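Peer 1: This is the structure I have questions about; it appears just below.
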Amino acid sequence: MLRKFWIFLSYALVLFAVPQVLAFAVGLGATGVDWSSARRDASGLSPAPISHSEAIVQVFAARTYGWRGNFASHSWIVTKEKGADAYIRSEVIGWRAYNGGNALVRRRGSPDNFWFGNSPELVLEIRGLKAEKVIPKIEQVIATYPHKSDYKLWPGPNSNSFIAHIGRQLPELEMDLPPTAIGKDYIIGDVFIDNAISGQGFQFSVRGLGGFTVSPVEGLELHLLGFTAGIDVDDSALKLPGFGRIPLY
């Protein structure tokens, strides 16, 4: 029994610890600038409402500020209804909860801004009629999110748990969050088995501490202490802690 434990520990070290240590060593996600002077301007990934009247849904992820960026990303969702003159940005922000406010923040504008110096990655985008149909559903999921005033950096619920919850509830989004979105594997609702975040396949998770996902979108993922390792067959990529998604070609 003890021998099996050490074998398991060795595999876990190779799959999870070694890539994360290497990512930290090279400073993969650290910006090296003070938060007060870090970039927060628009990245240009969201079409200007004045010239794009169609409905739009976008999900973004960006490395978090400071040393935590070597480990994790922060994600958020933006929506723009047909003919609207601004986007609505929805996200969970920890410091607001720590100061007694609502962790869930919704505001107009600033859909695609840099996140304290780190450039955003466009995770998904839906436009036109499909976006028109799904935006009311997104609004409903956000309105009923049960952790509006709760935030735990690890293992969740946090900003990534919130976005992942939207994905699980709305399979038509086919959401595939980056492996660095720590907290995505915390399933809302005190259950151990649910849809994969993409809505296709399934996920088993013990409160975000460990589990796995099998899905034609996400591929095969193993989860340990919030970190993700696996292979994405659909996108021909490896998923490694710290590094995120690495193309195989």
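The values are calculated or read from the model by the stated rules, or taken from the named source; none is laboratory data. Worth saying up front: this structure is predicted, and the values here are computed from it rather than measured. Every residue, glycine among them, receives a Cβ derived from its backbone with ideal geometry; neighbour counts consider all protein chains shown.
Peer 1: Return the pair list, or none, for Cβ contacts closer than 6 Å from residues in region 108-128 that are closer than 10 Å to residue 41 by Cα and surrounded by fewer than 21 Cβ atoms within 10 Å (Cβ to Cβ) to residues that are modelled with pLDDT of 95 or more and basic (Lys, Arg), at least 6 apart or on different chains.
Peer 2: Final answer for the pair search is 110/89.
Peer 1: Let me ask you something else. What pairs come up if the first residue lies in region 1-25 and is surrounded by fewer than 13 Cβ atoms within 10 Å (Cβ to Cβ), the second is modelled with pLDDT of 80 or more, and their beta carbons are under 9 Å apart, counting only those six or more places apart or on different chains?
Peer 2: Pairs found: 25/70.
Peer 1: Follow-up. Have a look at 219, 201, 226, 167 and point out the one that is in contact (Cβ under 8 Å) with a residue 24 or more places away in the chain and at positive phi.
Peer 2: The conditions single out 226.
Let's see how each residue does on (1) at pLDDT below 95; (2) hydroxyl-bearing (Ser, Thr, Tyr); (3) touching a strand residue (DSSP E or B) at 6+ places or on another chain (Cβ under 6 Å):
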{"residue": "153", "(1), (2), (3)": "yes, no, no"}
{"residue": "171", "(1), (2), (3)": "no, no, no"}
{"residue": "174", "(1), (2), (3)": "no, no, no"}
{"residue": "182", "(1), (2), (3)": "no, no, no"}
{"residue": "205", "(1), (2), (3)": "no, yes, yes"}
{"residue": "220", "(1), (2), (3)": "no, no, yes"}
{"residue": "225", "(1), (2), (3)": "yes, no, no"}
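Peer 1: Okay, next question. Would you pick out the residues in region 45-83 that are of a type in the set (A, V, I, L, M, F, W, C) and assigned to a strand (DSSP E or B)?
Peer 2: 56, 57, 59, 60, 61, 62, 76, 77, 78 - these are the residues of region 45-83 that are of a type in the set (A, V, I, L, M, F, W, C) and assigned to a strand (DSSP E or B).
Peer 1: Being touching a Phe, Trp or Tyr at 6+ places or on another chain (Cβ under 9 Å) and either among the β-branched types (Val, Ile, Thr) or at pLDDT below 70 (or both) narrows it down to one of 17, 30, so name that one.
Peer 2: Being touching a Phe, Trp or Tyr at 6+ places or on another chain (Cβ under 9 Å) and either among the β-branched types (Val, Ile, Thr) or at pLDDT below 70 (or both) holds for just one of 17, 30, which is 30.
Peer 1: Surrounded by 15 or more Cβ atoms within 10 Å (Cβ to Cβ) and in a strand (DSSP E or B) - does that describe any residue in region 145-156?
Peer 2: No - not one qualifying residue is present in region 145-156.
Peer 1: Could I ask something else about it? Inspect all residues belonging to region 137-144 and state whether any of them is free of Cβ contacts under 8 Å to residues at least 40 places away in the same chain and either farther than 30 Å from residue 190 by Cβ or in a loop (DSSP other than H, G, I, E, B) (or both).
Peer 2: yes
Peer 1: Please pick out the residue among 110, 75 that is modelled with pLDDT under 95 and polar (S, T, N, Q).
Peer 2: Only one candidate qualifies: 110.
Peer 1: Right, residue 188: assigned to a helix (DSSP H, G or I), in contact (Cβ under 8 Å) with a residue 24 or more places away in the chain and closer than 20 Å to residue 134 by Cβ or not?
Peer 2: No.
Peer 1: Here is a further query. Considering every residue within region 234-241, establish whether at least one is within 20 Å of residue 124 (Cα to Cα), among the acidic types (Asp, Glu), free of Cβ contacts under 8 Å to residues at least 60 places away in the same chain and surrounded by fewer than 18 Cβ atoms within 10 Å (Cβ to Cβ).
Peer 2: Yes: one or more hits.
Peer 1: Given (1) touching a Pro at 6+ places or on another chain (Cβ under 8 Å); (2) surrounded by 21 or more Cβ atoms within 10 Å (Cβ to Cβ), where does residue 219 come up short, assuming only one miss?
Peer 2: Tallying (1) touching a Pro at 6+ places or on another chain (Cβ under 8 Å); (2) surrounded by 21 or more Cβ atoms within 10 Å (Cβ to Cβ), residue 219 fails exactly one: (1).
Peer 1: In region 90-102, how many are in a loop (DSSP other than H, G, I, E, B) and either farther than 25 Å from residue 40 by Cα or more than 16 Å from the chain's Cα centre (by Cα) (or both)?
Peer 2: Residues that pass the stated criteria total 4.
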